[in-house]
Each structure stands twice: as structure tokens, then as C-alpha cells.
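Right, one structure below, let's go through it.
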Amino acid sequence: MRIEIPQFIWIAWFVIVSIATILATIRAIVGPTNSDRAVGLDTWTTITTGFWVILALYFFQYILLSVSMVYAILSFLGVLAIARYLERGL
Amino acid sequence: MEKAEASSINRYFYAVVLYFFLWIILTYPFSIQEWEAGAAIAFTASLLSYKELSISGLKNIKRIGILLFWYLPVFIRELIKANLHVAGLVLNPKMPIKPGFVKIKTNLKSPVARVWLANSITLTPGTLSVDIEGQYIYIHWITVGSTDVEHASEEIAGSFEKILEVMFR
Amino acid sequence: MMSDTPEMVKKVFAIFVVGILIIGFFMVFTQMPKGNEVNVNNTVSRFYVMKDVDHATQMLDKGTYFNKDMVPLRNDVPYTPITFGKSSNLEDGAANVVTSIVVDYRGFDTLGEVTVLFLAASGVMLVLHGEKRKIPKKKIAPSEIMYVGTRIAFAVIFLFGIYVFIHGHLTPGGGFPGGAIIASGILGLFLGRQGYSPNKAGLTVFESLSGMAYVIIGIIGLVGEKSFLANFLPTGTIGDLFSAGFIALIYIAIGMKVGSELSAVTNAMIVDTEED
Amino acid sequence: MVDLILGWTGVVLVFIGVFFLFLGALGIFRLPDLFNRLQAGTKATTLGVVSTTIGVGLIAKGWLVFSLALAIFLLMTNPISSHALGRASYRAGVKPYKGTNPDLYAEKVKKESDQK
């Protein structure tokens, strides 16, 4: 059905993604302006979409891929809405 | 904002074809029931939204060949180059950056083509398209090579513009 | 956070949040089962998730899925194991058992939920009503890239919403999430262009038609099966698209209703109108 | 055998993707001003998430088609959202890094705000 992936590879993937999420979170909190926070949020959501895909493989559930698609849609529209708000366009 | 190039029937059938294709992709393990439902959904859903989907109708299908065999290899090469550039920049302790906003000019007429060009520029090394106004695209360049409009256009957009000119003719 | 908060407080808050995140991430490794050893065979939707119904049927025949030695609760009633795909009961005929319960046993409750949503939408539109539309002058128009991009993304989002509510009886999801996804696609169109307005008459027609369809399906059940909102269609083979009786029909109605209602709410909340 | 080769290719692709996701976040963290951060954030995370998705599709048989669709959707929407953010933050008054030279975009924004 699928290849056996050793446990240390899973741990390496999760640790790297976790550190990336933490770095983006720090930027989203301390960023000097609101725009910087929005950039941090954008990166955060993209990283989390990737994380959902890896989780889908980890639990081997096909539906979690659909969940990550929904997450991608939400991150796109959310960032677009924040951007339109920042430029006083909405 | 833009004028429709093709008739409504043409655009409607393009929407039907695209929706049916997307439906087959979304429900991948092929089964005849999904195809029947997909056909019904494609005909009704495109009735609701064909105006939003395309302006040039079935002509777009011819462009897919160019997209797959000419645009995509160039794009993937540039994407990987861009990421190696970013990696070199971020992992370098000194961070040798020399940013600036430059302006380039394109000869593309179709708005969709210009948007493709702007998106491709965003994903290629060191450039980010910030705004678009008519034929001019404003670009944030992380290591400015040239401030002249003509020269910068050639350097940033040259490789994609040729392909997109053929594609959106 | 407020802009006049002192730097120190911000930094302490950042360290606090990051600490919680770190603890959360590393609890994962102690709490999660091993990836290769997760046993999710005890869930029914697994059959559809594997997308391999033949394999599932083989497992049924071998008896690996159901414990043959299970002691029945009542000894006077003979124990009959549920056989998926063969019985005419809706609960065994739907791959997603939750939807079969939500639509079959608690179908009347779901009708009430749809009504609650309808009342909420009506309230929003009553409060934010306005006849004349104010043309914004000072606002910055979105660029061409956003216009074209949201327009093309709308097609994908729209089809994905339809996918979610049509497969409500096979995968998690169903009418409410599907409708919300379609409405978020409409929100994308609002963000991408200035002065967009959806066809309000069309939205109203859709909303009314789908609400009526729900009740009509219920009445057909009342006439045919002697109970309001009872299943009147064959259940088919589990995992197929055309299975699980009337769940798919009801979810199509709910999806269209929720989608058009939430789009109308978005329209009412986003557009500036002048009261007269 | 083919499964084995495809699977380990997928593992390598997911490793590359995860690494670039990390690089994107590091770029967000380190670079000096918003536009440079946006550059690193967009490019690295886009390649990262696309590579991760395709890798997962290669590892698990039968997922490849949906994961390709997901990858194409991400490739389409990520540049648009970063473009919107860059444009919005310049207009919201975010000053670029002090070494930014030339700044041809400032003229356009100034001209537009004068018109109002």
C-alpha cells in the first residue's frame, strides 16, 4: 500500500514545521506595524496548510486533504480581506 | 473592467468543459456515477457563473498545450532558482540586500496575460510585483540591477513575456 | 494589541504565547499514537476513505471487522450483525453515519437549524437595509491582479463547495460547510472588484426554492412512508455516489439555501447603503 | 519496486518542502523590512507547500491527482495574496528599509493621493 516511513523522519518533519510556525508567530506578535503582522499571518497560514497535508499522510486519512484545501481557500480570502482593509478599500 | 471577446454561448461551453474537468479531478477514482453527476453539475453551475469565469471562451483550451510544454518548464526552473536565491540570502549572516522599487513596461494587451506575467514575476528570483497600472508594473527588486525601464523589463520579464505573447495571441 | 502598550508587556506576551505553542507542539510526540500503527478500522467512513469498497467487503466476509463472538445485550432477541450495503435501513446505507443520523432521525431538528439561519439572515438584512446604494468615491480600487485572480479563484471555490455538499453522505462535510464555502467565494468577488453586487433576485429565488424543496421531500416521506422526513429512496451500495437514499437530496437543498443566505448576508454587511 | 522509488522520491520532496517552509519563516524573522520579508515569505513558502503536497501525493498511492489540484490552487493564489499585502501596506504608510533606492513607486502613490 505505501512505504514504511521510520519514526525519526516523522519527528524531523514535525520539529522543522513547528519551529517554522513558532518563528512566524513571533513575527505576527512583535511585528512593528499591523502590516508586518499580516505578513506573519500569511506565512503562518501557508505553513499550516503544508502541516495539514503532512498530518493527512500521518493519519492516512484522505479527507484531511480536503480539509487542507478548505484551509488554503480560507487563508487566501482572509489575507485578501486584511489587505483590502489595510489600504482602506473595503 | 474588460470587454468580452467571445459570445456568451462560447464562454458558457468553456465553463462547462472546465467544470467537468475539475470535477473529474476532485473525485479522482474514476466511476461512472461521478461522471454523470459531474455532467449535470457542470451544466447547471456554469449557468450560474460563466460570466465570472472567462472572457475569451473556448480559445483558452488551445493555450493549455503551450502552458504545459513551454511555460511550465521555464516557470519551474525559475521557481527553483528563486528559492535557492532566497535560501542564500536568508542563511547568509550578512544579508547582502540592495532593495528598490523599479518600473517595467510590458507589451501584453490582454489583462489576464498581464496578471500571469505579474504572478510569474512574483515567483521568480528577487522580484515582487507590487502594483499594476495599464502597461506598467511596479516591482520591488531585492538586488537592483538597473533602474532604466527598458533594461529592467528585459532583465525581469523577458523570458516570460515571449511565451505569454504567443500564448495570449 | 493597542499601540500604546509598552514594549516590555508586548515582549512578555510574545514569550508567553510562544511558550504555550512550544509546549503544545511537543506534547504531540507524547500524546499521539505512532503514525504507522494507528488503527482507524473501527470507523465506518474508513471504507470510503480507503476508496476501496471491494477490500472492505472482503474484510467483512473474513470477519475481521465485526467480532463474531460478541455477546448480545438482550438474549431473547437473536443477534443480527449489521451488514453494510445490504440492508435497507438508512443507517447502514450511508458511509457517513453522522449525516444519516442528522438527516434521518434528527431531520426535523436540521430543518429547525435551517430556519434559525434564515431568521438570522432576515434579521441582518432588516437591520442593514437601505434602498439607495452609496457610490464610494474616496476608496481605493483593487488592482487588476486582484480582479482577475479572485475571478478565476471563484470558479474553483464554487465547484469545491458543490463537491463538499454533494458528497455529504460519503465524507465529513455536508450542506452547511458547502454553503459556507460558496458564500466565501462570493466574498472573494466582493474583495476583488469595486461595486460588485450579486443578482439579488436570483439569490432570493434560490433560497426559497431550496427551502421549499426540503419541506417537499419531507412531505413525500410523509405520504409514502407514513412519517415526516422518512427515507423513501433505495440505499444502494455503500460508498457509491448514488447511495444513502435521500440524504444527498436534502444536503443539496441545505447547501443551496445556506450558500445563498450567507451571500445575501455578506452583501448586506459589505455594501454601504443610504437610508431614505 | 516502482512504489518504492516513487515513495522515497516523495519523502525527499516532503523534506525539501518542509525545509523551504522553515526558510520562509526564517526569512520573515530575519529580513529588515516588510517588502523583503514578503519576498522571502512568498517564494519559499510557495515552493515549500507545493513540494510537500506533491511529495505526499507520491507517497500515498491514489492521492496524487487531488494533491496536484491542491498544488495548482496554491500556486495560483499565493502570489495574489502577497501582491495584495504588499500594495496595501505601501499605501497604509509602511516605510521601506532605509537603503531602498530607487523608489519609483512612491511617485505613483503620491500622485494618486494628490488627486484626491
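Just one of C:180, C:248, C:253 is touching a His at 6+ places or on another chain (Cβ under 7 Å) and of a type outside the set (Phe, Trp, Tyr); which is it?
C:248
Could we say that residue B:20 is outside the structural domain of residue B:134 (by TED's automatic domain parsing), of a type outside the set (S, T, N, Q) and at pLDDT 85 or above here?
So residue B:20 fits the description; yes.
Here are some residues: B:80, B:97. Which one is over 24 Å from residue D:18 (Cβ atoms) and either among the β-branched types (Val, Ile, Thr) or touching an Asp or Glu at 6+ places or on another chain (Cβ under 7 Å) (or both)?
Being over 24 Å from residue D:18 (Cβ atoms) and either among the β-branched types (Val, Ile, Thr) or touching an Asp or Glu at 6+ places or on another chain (Cβ under 7 Å) (or both) holds for just one of B:80, B:97, which is B:97.
Counting only residues that are at the interface with chain D (Cβ under 9 Å from one of its Cβ atoms) and without any contact (Cβ under 8 Å) to a residue 12 or more places away in the chain, which one in the range C:149-173 is farthest from the chain's Cα centre (by Cα)?
Top of the filtered list is C:152.
Name the residues in the range D:2-35 that are more than 9 Å from chain A (Cβ to nearest Cβ), within 17 Å of the chain's Cα centre (by Cα) and either buried (at least 23 other Cβ atoms within 10 Å of the Cβ) or of a type in the set (S, T, N, Q) (or both), would you?
Answer for the range D:2-35, where residues must be more than 9 Å from chain A (Cβ to nearest Cβ), within 17 Å of the chain's Cα centre (by Cα) and either buried (at least 23 other Cβ atoms within 10 Å of the Cβ) or of a type in the set (S, T, N, Q) (or both): D:20, D:31, D:35.
Rundown of residues vs (1) in a helix (DSSP H, G or I); (2) within 30 Å of residue B:54 (Cα to Cα); (3) not aliphatic (A, V, I, L, M), yes/no style:
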{"residue": "C:190", "(1), (2), (3)": "yes, yes, yes"}
{"residue": "C:218", "(1), (2), (3)": "yes, no, yes"}
{"residue": "C:229", "(1), (2), (3)": "no, no, no"}
{"residue": "C:257", "(1), (2), (3)": "yes, yes, yes"}
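Sort through B:146, B:120, B:110, B:129 and tell me the only one that's in contact with a Pro (Cβ under 9 Å, 6 or more places away or on another chain) and over 22 Å from residue A:87 (Cβ atoms).
B:120
When the residues of the range B:1-20 are narrowed to those that are in a helix (DSSP H, G or I) and surrounded by fewer than 13 Cβ atoms within 10 Å (Cβ to Cβ), which ends up nearest to the other protein chains (Cβ to nearest Cβ)?
Checking each candidate, the answer is B:8.
Checking residue B:94 against (1) at pLDDT 85 or above; (2) within 30 Å of residue D:25 (Cα to Cα); (3) more than 10 Å from every other protein chain (Cβ to nearest Cβ): exactly one of these is not met. Which one?
Condition (1) is where residue B:94 drops out.
Where in the range B:99-167 are the strands (runs of 3 or more DSSP E), entirely inside, with at least 1 residues that are more than 24 Å from residue D:46 (Cα to Cα), free of Cβ contacts under 8 Å to residues at least 40 places away in the same chain and not charged (D, E, K, R)?
Output list reads B:136-141.
For residue C:224, indicate whether it is at pLDDT 85 or above, under 27 Å from residue C:96 (Cβ atoms), in contact with a Phe, Trp or Tyr (Cβ under 7 Å, 6 or more places away or on another chain) and not in a loop (DSSP other than H, G, I, E, B).
no
Which ones in the range B:95-144 are polar (S, T, N, Q) and over 26 Å from residue B:76 (Cβ atoms)?
Once the filter is applied, which keeps residues that are polar (S, T, N, Q) and over 26 Å from residue B:76 (Cβ atoms), the range B:95-144 yields only B:135.
Do you know which residues across the range B:67-98 are touching a residue at least 24 places away in the same chain (Cβ under 8 Å) and under 12 Å from the mean Cα position of the chain (by Cα)?
Hits for the range B:67-98 are B:67, B:71, B:75.
Farther than 19 Å from residue D:24 by Cα and within 13 Å of the chain's Cα centre (by Cα), is that true of residue A:53?
no
Yes or no: the range B:132-144 includes at least one residue that is more than 15 Å from the chain's Cα centre (by Cα) and polar (S, T, N, Q).
Yes: the range B:132-144 contains one or more residues that are more than 15 Å from the chain's Cα centre (by Cα) and polar (S, T, N, Q).
Whether any residue in the range B:30-45 is surrounded by fewer than 20 Cβ atoms within 10 Å (Cβ to Cβ) and within 11 Å of chain D (Cβ to nearest Cβ) is what I want to check.
Scanning the range B:30-45 turns up at least one residue that is surrounded by fewer than 20 Cβ atoms within 10 Å (Cβ to Cβ) and within 11 Å of chain D (Cβ to nearest Cβ).
The values are calculated or read from the model by the stated rules, or taken from the named source; none is laboratory data. Computed from a predicted structure; not experimentally measured. A quick note on method: Cβ atoms are made from the backbone with ideal geometry, for glycine too, and the neighbour counts reach across all protein chains shown.
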